[in-house]
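Heads up, the thing below is written out as structure tokens.
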Amino acid sequence: MKKLGILISLIMFVFVTQGYAQSGRFGATPEDSVECVRYLNFYKEYFKNGNIREALPSWRGALRVCPVGVTQSLYQDGQNIIKFLINQTKDPDRRKELVDSLILMYNIRIDKFPSPKARLSAYTFKAYDMLTYYKGDAIEVFSALQDVVKFGKENTDQNILVLNMQYASDLFKDNKLEADDVINIYEQLSEIFDKKLQSGTNDALEEARNNFETVFAISGVADCDNLLALFEPRFDQNASDITYVRRVVQLLSNAGCESSDLFLKAVKCLYEIEPSYNSAYYLYRLYSSRDDGENATMFLKRAIDSDSIDNKTKADYLLELGTFYFKKMSNYSAAAQHALQSFEFNEETKGRAYLLMGHIWAMAKVRDGEMPDIDARANFWVAVDYFVRAKQADSSLAEECDRLISTYRQYFPAAEEAFMHDLADGSSYTVRANGLSATTTVRTNK
């Protein structure tokens, strides 16, 4: 039976090789085709069983007699055979020859097997193997990485994108790339990351994007001078492209360029294209840092009035607006209005709102350069009332409120002074100041 099996195999081999020979696919002549198929079959039998050294002579024979591009597996298997040989030798000259042969295998695959999937695979693994084995000029490795990106676009492996940025950064530090080159590469790769994230995100992709941003941030390229020189001349012509505007905002923010006019312009442009409470709030912060109270409050109000804002954020923004009116614009009535409105949307802000109200009232009637009379000091009763409410609403504020209560009680009138004004401890008293009005209780400093 065993002999019969061998005989059938031989008959099938002859039949197959004759068919290939007649087709001309495996060689210029029938004899070449027979030799080609014989070598392919022999090396394959050894290779699939892991006998790489035994496969090597027949694989070399197939390379010698078969037409270039005869079958992709010849070169794919060859890559594994050559990497085995590289790992088995320590001779640097021999390793270099083998690495050159490995790269040749990839180049043949790229040239002879044009399907997008096959080419992207060849470009990708060529780059990875050059990173592992190639000891030549880093520019050539970078070029191989760029080839993957140019061909694969959003199908490029995310780690290849990070490696592109790393090599670009290293080449810049070695004075082999200009700052503009690195920034353009960043833009190119960022757009690809954006498209990949739009198609669906995962932890690995998010991590790769973060690593990519970190590499660029520490590259030494993304300083304000470089970025402003690059983007200012062409910003207006690209101001309607939201992806471009986002990129400018992100780059300038990462480089600490928030004080630049271009950054403010870009954020405003982003808000106009895609209004959101986040971008409105950001504009409030920018105008606030420039002491532009009118624009700051306008954009914070827009953030508060946004349909998409949640109640917790809305409450925080209302309290922040009240604080801004109080500290930056000395508008006590507007400050009080927004502070008290905040906890209508989130009860958790009540303590902080009352604390702010205490500060507002503590400042409401202080007069510089003169000793205030008892009427001018009535605001301190209201201030203390609010500090007491604040610590009752939020126990975490108790220590601060107790300190403030102790401070402002010192300004309560003495009992004799209250008596002179026909006022008694515990009696009701209405205070009006700076557009504010409150009813409080008379207390004296005993």
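The values are calculated or read from the model by the stated rules, or taken from the named source; none is laboratory data. In this text, all values refer to a predicted model and were calculated from it rather than measured experimentally. Cβ sites come from the backbone with ideal geometry, for glycine too, and all protein chains shown count toward neighbours.
Within segment 328-410, considering only helices (runs of 4 or more DSSP H) that don't extend past its boundaries, which have at least 1 residues that are more than 41 Å from the chain's Cα centre (by Cα) and farther than 20 Å from residue 439 by Cα?
Helices (runs of 4 or more DSSP H) meeting the threshold: 398-409.
Report the residue count in segment 150-161 for those that are surrounded by fewer than 22 Cβ atoms within 10 Å (Cβ to Cβ) and part of a helix (DSSP H, G or I).
Of the residues in segment 150-161, 8 are surrounded by fewer than 22 Cβ atoms within 10 Å (Cβ to Cβ) and part of a helix (DSSP H, G or I).
Here are the criteria: (1) more than 33 Å from the chain's Cα centre (by Cα); (2) modelled with pLDDT of 95 or more; (3) surrounded by fewer than 18 Cβ atoms within 10 Å (Cβ to Cβ); (4) more than 25 Å from residue 399 (Cβ to Cβ). Tell me which single one residue 325 does not satisfy.
Only one criterion in (1) more than 33 Å from the chain's Cα centre (by Cα); (2) modelled with pLDDT of 95 or more; (3) surrounded by fewer than 18 Cβ atoms within 10 Å (Cβ to Cβ); (4) more than 25 Å from residue 399 (Cβ to Cβ) is unmet by residue 325, namely (3).
Within segment 39-98, how many residues turn out to be under 28 Å from residue 135 (Cα atoms), in contact (Cβ under 8 Å) with a residue 40 or more places away in the chain and outside any helix (DSSP H, G or I)?
Residues flagged as under 28 Å from residue 135 (Cα atoms), in contact (Cβ under 8 Å) with a residue 40 or more places away in the chain and outside any helix (DSSP H, G or I) within segment 39-98 amount to 2.
For the condition in contact with a helix residue (DSSP H, G or I) (Cβ under 6 Å, 6 or more places away or on another chain) and either surrounded by fewer than 20 Cβ atoms within 10 Å (Cβ to Cβ) or within 18 Å of residue 321 (Cβ to Cβ) (or both), what is the one hit in 390, 362, 336, 415?
From the options 390, 362, 336, 415, the qualifying one is 336.
Limited to segment 389-430, what total is found for residues that are out of contact with any Lys or Arg (no Cβ under 8 Å at 6 or more places or on another chain), under 26 Å from residue 329 (Cα atoms) and of a type in the set (A, V, I, L, M)?
Residues meeting the conditions: 2.
Pairs needed: first member in segment 238-254, in a loop (DSSP other than H, G, I, E, B); second member anywhere, not aliphatic (A, V, I, L, M); C-beta distance under 6 Å; at least 6 residues apart or different chains.
Matching pairs, first to second residue: 239/269.
Taking residue 418 as the residue in question, decide whether it is assigned to a helix (DSSP H, G or I), modelled with pLDDT under 95 and out of contact with any strand residue (DSSP E or B) (no Cβ under 8 Å at 6 or more places or on another chain).
The answer is yes for residue 418.
When residue 259 is evaluated against the numbered criteria (1) out of contact with any Phe, Trp or Tyr (no Cβ under 9 Å at 6 or more places or on another chain); (2) assigned to a helix (DSSP H, G or I), which criterion, by number, is the only one it fails?
Failing condition for residue 259: (2).
May I ask you to list the residues in segment 321-365 that are closer than 16 Å to residue 400 by Cα and in contact with a strand residue (DSSP E or B) (Cβ under 6 Å, 6 or more places away or on another chain)?
Within segment 321-365, no residue meets the criteria.
One residue is enough: does segment 139-149 have a residue meeting the conditions farther than 30 Å from residue 94 by Cβ and surrounded by 13 or more Cβ atoms within 10 Å (Cβ to Cβ)?
Yes, the conditions are met somewhere in segment 139-149.
Give segment 108-150 a look and list any residue that's of a type in the set (Val, Ile, Thr) and either under 26 Å from residue 190 (Cα atoms) or in contact with a Lys or Arg (Cβ under 6 Å, 6 or more places away or on another chain) (or both), or say none.
Residues satisfying the conditions are 110, 124, 132, 139, 141, 148, 149.
For segment 202-228: of the residues being among the aliphatic types (A, V, I, L, M), in a helix (DSSP H, G or I) and surrounded by 13 or more Cβ atoms within 10 Å (Cβ to Cβ), which is farthest from the chain's Cα centre (by Cα)?
Selected residue: 228.
Just to be sure I understand the filter: pairs with C-beta atoms under 6 Å, separated by 6 or more residues or on different chains, first member in segment 411-424 and within 16 Å of residue 384 (Cβ to Cβ), second member part of a helix (DSSP H, G or I) and modelled with pLDDT of 85 or more. Which pairs pass?
Going by the 6 Å Cβ cut-off, the qualifying pairs are 411/380.
Right, residue 25: modelled with pLDDT of 90 or more, farther than 22 Å from residue 98 by Cβ, surrounded by 15 or more Cβ atoms within 10 Å (Cβ to Cβ) and of a type outside the set (Gly, Ala, Ser) or not?
no
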